[in-house]
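K.L.:
There's a structure below that I have some questions on.
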Amino acid sequence: MVTIKKIKERVTETRWSKLYVSAGILQCMIVIGLQVSICYLNSSEADLLPKNTNSNVLTSNSTEYIPQQAADRLDRIKWENIAFSSFQCWFIYMVFDATTYQNTAEILALAILNAACAILGALQVVDCIRWLRRLNEVGSPVGPLMIAEKLEVTLSAVLLVFAVIMSFLSFQMSKQFGWNIYKKIGADVRIQKGRNSLWKSIIQVIVTILILPMLYFARTAGSTEKLFHFVLILYQTLQPQDHWYTWIVLVFIGVLLDIASSVLGLICMCHFNKGLKPFVQRGNRKGDLEENNKKENWQIDED
C-alpha cells in the first residue's frame, strides 16, 4: 500500500529522483501559469470581435468574415488551453506515481509525452501568428492577441527546455531503477526475466478479467447506438427538403427487407420443433440424424 512515508522515501532516495520530481513540479507551475494567461488573453480578444455562428459564415473564404471566424477559433482555443493545463496536472501526478513505483516504462512514456507537448506548443504559436496576420489585414483590434503571441513563444521555449531536461533526468532515473532491481534480485538474468514475466502475467490476468464484462457492455451499447442511428437516418430522409429520392427508396427497401427477415425468422423459430430441426443440422450432427433415419426406414423383404 502506498503511504506518504513511502512516497517521501522514493522521492528523496537519490539526487536524480529529487531533481526529476522538482523539475516536474516546476514545469507544471510555469506551464499552467502561462496557459491561464494565454487563455485569458484569447478570451479578451474574442470579446473584441463580432460573433456569428452561421456555418456559411464560418466556412466562407471572404475576408469580410475573418473577424467572425477568428472569434470562433479563439473560443475553441480557450478550451485547448484548459485541456493543456489539465494535462500538466495529470503529468505531475504521473511523475510522482512513476517515482514511487519505480516504473521505468512509465518514466520513458512521460518523456515522450513531454516532447509531444513541446511540438503542440510550437503549433499554438503558428496558429496564433496566422490569426494575428489575418486580423491585421482587415484592421481588427489585436492588442490582447499580440501579447498572447509573445506568451506562446515563451511557452514553446519553456516546453522545449523542460523536454530536454526531463529526457535527461528520465534516462538517469531508468538507470537508478535498474540498479535498484540489481540490488534486490542480483545479476542473474533468468531471475530478472522471471520477475518480469510474473508481473506481466498478473497484469494480463487482470486485463483479461476486466475485458469479459466490457465485451457485454460494448455489445449492448453498440446495438443501442446502431438502432438510434438508423432511426435518425430514417427521420432525415423524410424531411421535405431532402431531394435524394433514390436514397429514400433504398432506405425503405432496406427497412422492408429487415421487417420481412424478422417475420420469417419468427416463423422459423415457431416451427423449429415441428419437423424442421433435422433439415437445418450441420456437420457430425447432420450425419448422425441421416444415419438414424436410414435405420428407421421400412425395409422391403424381396424373398
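K.L.:
So is residue 154 in a helix (DSSP H, G or I) and modelled with pLDDT of 85 or more or not?
P.N.:
Numbers: in a helix (DSSP H, G or I): yes; modelled with pLDDT of 85 or more: yes.
Against the criterion (in a helix (DSSP H, G or I) and modelled with pLDDT of 85 or more), residue 154 qualifies.
K.L.:
Considering only residues of the stretch 86-123 that are aromatic (Phe, Trp, Tyr) and touching a Cys at 6+ places or on another chain (Cβ under 9 Å), which is modelled with the lowest pLDDT? Please lay out each step first, then the result.
P.N.:
Kept after step one, since they are aromatic (Phe, Trp, Tyr), are these residues of the stretch 86-123: 87, 90-91, 93, 96, 101.
Subset that is touching a Cys at 6+ places or on another chain (Cβ under 9 Å): 87, 91.
Numbers: 87: 88, 91: 91.
Going through the qualifying residues, I end up with 87.
K.L.:
Restricted to the stretch 54-85, and to residues that are of a type in the set (Asp, Glu) and over 14 Å from residue 34 (Cα atoms), which residue is surrounded by the fewest Cβ atoms within 10 Å (Cβ to Cβ)? First the steps, then the outcome.
P.N.:
Kept after step one, since they are of a type in the set (Asp, Glu), are these residues of the stretch 54-85: 64, 72, 75, 80.
With over 14 Å from residue 34 (Cα atoms) added as a condition, the list becomes 64, 72, 75.
Working: 64: 9, 72: 18, 75: 15.
Applying the filter and picking the extreme gives 64.
K.L.:
If you check residue 39 against the conditions, is it surrounded by 15 or more Cβ atoms within 10 Å (Cβ to Cβ), closer than 22 Å to residue 126 by Cα and either among the hydrophobic types (A, V, I, L, M, F, W, C) or not assigned by TED's automatic domain parsing to the domain that holds residue 147 (or both)? First the steps, then the outcome.
P.N.:
Working: surrounded by 15 or more Cβ atoms within 10 Å (Cβ to Cβ): yes; closer than 22 Å to residue 126 by Cα: yes; either among the hydrophobic types (A, V, I, L, M, F, W, C) or not assigned by TED's automatic domain parsing to the domain that holds residue 147 (or both): yes.
Yes, satisfied.
K.L.:
Take the residues in the stretch 100-128 that are β-branched (Val, Ile, Thr) and within 21 Å of residue 83 (Cβ to Cβ), then tell me which one is surrounded by the fewest Cβ atoms within 10 Å (Cβ to Cβ). Even if it seems obvious, please write down each step before you answer.
P.N.:
First, pick out the residues of the stretch 100-128 that are β-branched (Val, Ile, Thr): 100, 104, 107, 112, 119, 125-126.
Next, only the ones that are within 21 Å of residue 83 (Cβ to Cβ) stay: 112, 119, 125-126.
Details: 112: 12, 119: 12, 125: 19, 126: 10.
Per the criteria, the residue is 126.
K.L.:
Inspect the stretch 54-63 for any residue being over 19 Å from residue 160 (Cβ atoms), in contact with a helix residue (DSSP H, G or I) (Cβ under 8 Å, 6 or more places away or on another chain), in a helix (DSSP H, G or I) and modelled with pLDDT of 85 or more and give the result as yes or no.
P.N.:
Within the stretch 54-63, none of the residues are over 19 Å from residue 160 (Cβ atoms), in contact with a helix residue (DSSP H, G or I) (Cβ under 8 Å, 6 or more places away or on another chain), in a helix (DSSP H, G or I) and modelled with pLDDT of 85 or more.
K.L.:
Just for the stretch 7-36: of the residues that are within 32 Å of the chain's Cα centre (by Cα) and farther than 20 Å from residue 161 by Cβ, which one is surrounded by the fewest Cβ atoms within 10 Å (Cβ to Cβ)?
P.N.:
7
K.L.:
Could you list, in sequence order, the residues of the stretch 27-63 that are within 16 Å of residue 138 (Cβ to Cβ) and touching a residue at least 60 places away in the same chain (Cβ under 8 Å)? If you could, list the steps in order and put the result at the bottom.
P.N.:
From the stretch 27-63, those within 16 Å of residue 138 (Cβ to Cβ) are 45-46, 48-52, 57-58, 60-63; that's our starting set.
Once the filter is applied, which keeps residues that are within 16 Å of residue 138 (Cβ to Cβ) and touching a residue at least 60 places away in the same chain (Cβ under 8 Å), the stretch 27-63 yields 45, 48, 49, 63.
The values are calculated or read from the model by the stated rules, or taken from the named source; none is laboratory data. As the structure is a computational prediction, the values presented were derived from the model and not from experiment. In this analysis, Cβ positions are derived from the backbone assuming ideal geometry, glycine residues included, and neighbour counts consider all displayed protein chains.
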